[in-house]
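S.K.: Here it is: the structure, laid out below.
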Amino acid sequence: MSIENFDLNLAQQEAVEYEGGQLMILAGPGSGKTRVIANKITHLIQNKNIHPSNIFAATFTKKAANEMQERVEVLIQKKRSGLNIGTFHSLCALILRKYGKHININNNFTIYDGDDQRSLIKTILIEENLNTQIYNPYKIINKISKNKNKKLTNQLIEEFQPSAYERKINEIAYKYQNSLTKNNALDFDDLLIYCYQLLLSSENIRKDISSKYHHVLIDEFQDTNLLQYEISKLLSSVHKNITVVGDPDQSIYSWRSAQIENLTKFQNDHPLHKLVLLEQNYRSTKSILEVASNIIQNSTDRIQREIWTNNKIGDAVEFQNFEQGEDEGDYIAKTIIDYTKSQKAEPKDIAIMYRTNAQSRIIEEALLVKNIQYKIVGGLRFYERKEIKDILAYLRILQNKNDSVAFTRIINTPTRGIGKESLSRLIKYADESNHLLIEEIRLQITNNTAENLTKKEPLWKIRTKTLNGLKEFLNIYDALQQSVSEQSIAQTIESVMKLTNYKNTVLNQDAMTIEQQNSKIENINELISIAQEYDTKGSDEPLVEFLHDLSLVADVSDVKEEETNAITLTTLHSAKGLEFPIVFLPGVEEGLLPHMMSLDSKDDIEEERRILYVGVTRAKIKLYISSAKNRFIAGSSRSAKPSRFLDPFTKTMKSSPSMSHKDNYHKNFIAERKKILIQKREEHFISGMKVNHNIFGAGIIISIEERSDDQQLTIAFKEKGLKKLLASHAPLEIISG
């Protein structure tokens, strides 16, 4: 196959055919970088007679590696070609299994993943009698990882960490590394650092490996860390043919130890390198690219280049500044309806991208009220998130002592030493005695007091840890029950958080990253904001109304995301690599984008700019960027102004009047949900009825289960099989009775 058949533009062709040694490709969004890498590998194999096994291509993820492998195999028309396409970790593991004995690493080592690491750290903490709330396993692993990736020795760590707490962390790190050695195990960072040490310390091994790889190619170079950079230099030290592909404007993973400086470092270390700029964009319209360029060109210390396109000008990007965050969600939902009703776009063509997970709540409610199906990339719907379900379960049991589902969810949340067996016995005894579960707890605690134990052996002698857990739960329940009538809903949520120590227990779990913890706190603050709306309505029973209305929000349809022609909701970090014809970017305002936690650092603010740039460049045909003057966060209104990144567009920004008063928003939302429900009720679904679903197609209703204010329909679809759908949510058309 000749190079002419690849149908590349001049810059792409130059990158593919370059043979001078070190090559840096700066590839803008939508510029075909993956295509260039695949074609370069093909060119080397077919036109330069390089054997596939003599090429190593590094990708950021295993998924990307598989996709690259498939692309190349299609181009060279050969399966199982012997290509070495994978992540740095996979290559380092192979090298260590073959050569690791030279640095005392057994070749049958085990690779420890995150769960294995946390388990090992927890074992060490138990041995040292250290509190996991103070010495959080995840934070310890994160610190160890960062130090390994920076190639810091333990001696240097001590110099930089003089406090007693940090010295203890350092001791734990020593024990952790020693335990890995005893277990013949390596973590993911060890794969990199030991591979680096091996290549650096043994000239013969370095030459052996580097001689094998005639060409080294690295994708997403802006996301590499220091160790990966150094390894890439050593891998290419013999033939000196290395191609790096990246875009500094899309570097948004500094919290993963990615170093944008590696691009500059490459240029300095290879002064004779060739630089190729892929500036032609094949994805977006001219209007969208103009906005993207205006956002990113103000970035400091940027390698100047201009992305351009031969695509049409297209529709202008719409900038809106709404009075309230709720207005923003309402506008997005109405606009989506306009697209789908007019058949200008299918739901799968549309994406809504936001900076934080907590932003999804208002958007989800706006979509639900319009009966718009959606899926969330890499996350859960707002009311399905654990922290939201936990808090609501506490509120439910305060409102209804008979709610055994809520009871079983929270009795051991946070963990109190009440296991499944103890809970099963509680339920059994409560059923036999016709007691409420909370009454059964009181009874069992009384039966197990020291005084009663001396009088009579109880039916169930509870072990001390479980008994203390039951007492703790009962004390929390009684305290909440005593204060609930005197507090607002928002205050009750805050009391739940305080009495359960939820933030320092559930939200400080060792399995969570700092970002995940912050996201969950933001979600709870969003729930408090909803509660605040009900607190100001003057209802006779605000908690009852609050819980009742929220039960109408949850979408419990059994629709699998991969089967659904649905709107995509995603955070901007998860959006990288995706593209959609129509994109909405809500919440582009000070405090959200740039995020409030980034405002004190110039580097962090520049990364926030790049996050917005990534979002803008996901859009192919139409882009909507919006902000809100007021948002409710943690029960209070917060004023904001459009993001500083939008300063070039203030003249074109529309200031939209409020479409839904803040105090009435949730009321209007619930009213709409009830209206839809009533309309569905009037359709009189019955078993045996033939219906048509706009996604699943034709089906027959098998059974109907009555629920509070709704019906759950079990429908046998011809193409998709059995599905359970709520009548109020399901887009069904009756074909025949």
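S.K.: Helix 662-681: angle to the longest alpha-carbon principal axis of the chain, degrees 0 to 90, nearest 10?
M.R.: So the helix axis and the longest Cα principal axis differ by about 80 degrees.
S.K.: Quick one: Arg409, Arg385, fewest Cβ neighbours within 10 Å first, how do they rank?
M.R.: Arg409, Arg385
S.K.: Sticking with this structure for a sec: Skipping prolines and chain starts, which residues have an amide H placed within reach, meaning under 5 Å, of the one on Leu217, given they are 5 or more residues away or on another chain?
M.R.: Phe56, Ala57, Ala58, Thr243
S.K.: What ranking do Arg361, Arg283, Arg167 get, fewest neighbouring Cβ atoms within 10 angstrom at the top?
M.R.: The order, fewest Cβ neighbours first, is Arg167, Arg283, Arg361.
S.K.: Just the number, please: percent antiparallel of the DSSP beta bridges in the chain, rounded to the nearest 5.
M.R.: The answer is about 35 percent antiparallel.
S.K.: For the residue pair Glu128 and Leu275, what label-to-label distance in nm results when each label sits 7 Å from Cα along the Cα-to-beta-carbon direction?
M.R.: About 4.7 nm separates the two model spin labels.
S.K.: So, in nm, how far is label Met596 from label Lys498 when the simple model puts each one 7 Å beyond its Cα toward the Cβ?
M.R.: Result for the modelled spin labels: 2.0 nm.
S.K.: Pick out, from His693, Val317, Tyr135, the residue whose Cα sits farthest towards the positive end of the charge dipole of the chain, with +1 on the Cβ of Lys and Arg and -1 on the Cβ of Asp and Glu.
M.R.: The residue sitting most towards the positive pole is Tyr135.
S.K.: Next question, about the same structure. List the residues whose amide H sits under 5 Å from the amide H of Gly28, counting only those 5 or more places along or on another chain, with H placed 1.01 Å from N in the peptide plane.
M.R.: Those lying under 5 Å, H to H, from Gly28 are Leu278.
S.K.: About the Cα centre of the chain, how large is the charge dipole given +1 on each Lys and Arg Cβ and -1 on each Asp and Glu Cβ? Please answer in debye to the nearest 20.
M.R.: Approximately 1640 debye in magnitude.
S.K.: Another one. From the Cα gyration tensor of the chain, with a ≥ b ≥ c the square roots of its eigenvalues, which class applies: rounded if a/c is under 1.5, or else prolate if a/b is larger than b/c, or else oblate?
M.R.: Oblate.
S.K.: Next question. Taking amide H positions as placed in the peptide plane 1.01 Å from N, state which residues far from Gln22 in sequence (5 or more) or on other chains have amide H under 5 Å from it.
M.R.: Here the answer is Ile242, Lys274, since their amide H atoms fall under 5 Å of that of Gln22.
S.K.: Rounding to the nearest 10 and keeping the result within 0 to 90°, find how far the Cα-based axis of helix 188-201 lies from the longest principal axis of the chain.
M.R.: 20 degrees
S.K.: Grab the DSSP H runs of the chain that are 4 residues or longer, score each as -39,500 (n - 2.57), total them, divide by all residues and round the 222 nm result to the nearest 500 deg cm²/dmol.
M.R.: Taking each H run of at least 4 residues, the total per residue is -14500 deg cm²/dmol.
S.K.: Cut-off is 10 Å between beta-carbons; in what order do Leu191, Leu94 appear when sorted fewest neighbours first?
M.R.: Leu94, Leu191
S.K.: Sticking with this one: Relative contact order of the chain: what whole-number percent is it, with Cα pairs under 8 angstrom and at least 6 residues apart?
M.R.: Answer for the chain is 15 percent.
S.K.: Show me, for region 9-24, the HN-Hα J-couplings you get by feeding each phi into the Karplus relation (A = 6.51, B = -1.76, C = 1.60, θ = phi - 60°), rounded to Hz, glycine and proline as x.
M.R.: 7, 4, 5, 5, 5, 4, 5, 5, 8, 4, 10, x, x, 8, 10, 10
S.K.: I've got another one for you. Rank by packing, highest mean first: peptides 7-13, 24-30, with packing defined as the count of other Cβ atoms within 10 Å averaged across residues.
M.R.: Sorting 7-13, 24-30 by mean packing, highest first, produces 24-30, 7-13.
S.K.: Taking only Cα atoms, what is the 0 to 90° angle, nearest 10, from helix 203-212's long axis to the longest principal axis of the chain?
M.R.: 90 degrees
S.K.: What list of ³J(HN,Hα) values in whole Hz, one per residue of region 386-396 in order, does the Karplus curve 6.51 cos²θ - 1.76 cosθ + 1.60 (θ = phi - 60°) give from phi, with Gly and Pro shown as x?
M.R.: Karplus-based 3J(HN,Hα) across region 386-396 equals 3, 5, 5, 5, 5, 4, 5, 5, 4, 5, 5 Hz.
S.K.: Right, here's the next one. In the structure displayed, which of Lys62/Lys420; Lys98/Lys148; Lys33/Lys79; Lys348/Lys724; Lys182/Lys465 lie more than 26 Å apart, Cα to Cα?
M.R.: Among Lys62/Lys420; Lys98/Lys148; Lys33/Lys79; Lys348/Lys724; Lys182/Lys465, the Cα-Cα distance tops 26 Å for Lys62/Lys420; Lys182/Lys465.
S.K.: For region 406-414, just list the computed ³J(HN,Hα) in residue order, Karplus coefficients 6.51, -1.76 and 1.60, θ = phi - 60°, integers in Hz, with x standing in for Gly and Pro.
M.R.: Whole-Hz 3J(HN,Hα) from phi for region 406-414: 5, 4, 5, 6, 9, 4, 10, 10, x.
S.K.: How high is the relative contact order of region 275-358? Use alpha-carbon pairs under 8 Å, at least six apart in sequence, and give a whole percent.
M.R.: Across region 275-358, relative contact order equals 27 percent.
S.K.: What is the sum of charges, Lys and Arg at +1 and Asp and Glu at -1, for the other residues whose Cβ falls under 9 Å from the Cβ of Trp308?
M.R.: Counting the neighbours of Trp308, the net charge comes to -1.
Read the figures in this text as sums done on the coordinates, not as results from a lab. None of the values given here were measured: they were computed from a predicted structure. All Cβ positions, even for glycine, are placed from backbone atoms using ideal geometry, and neighbour counts span all protein chains on display.
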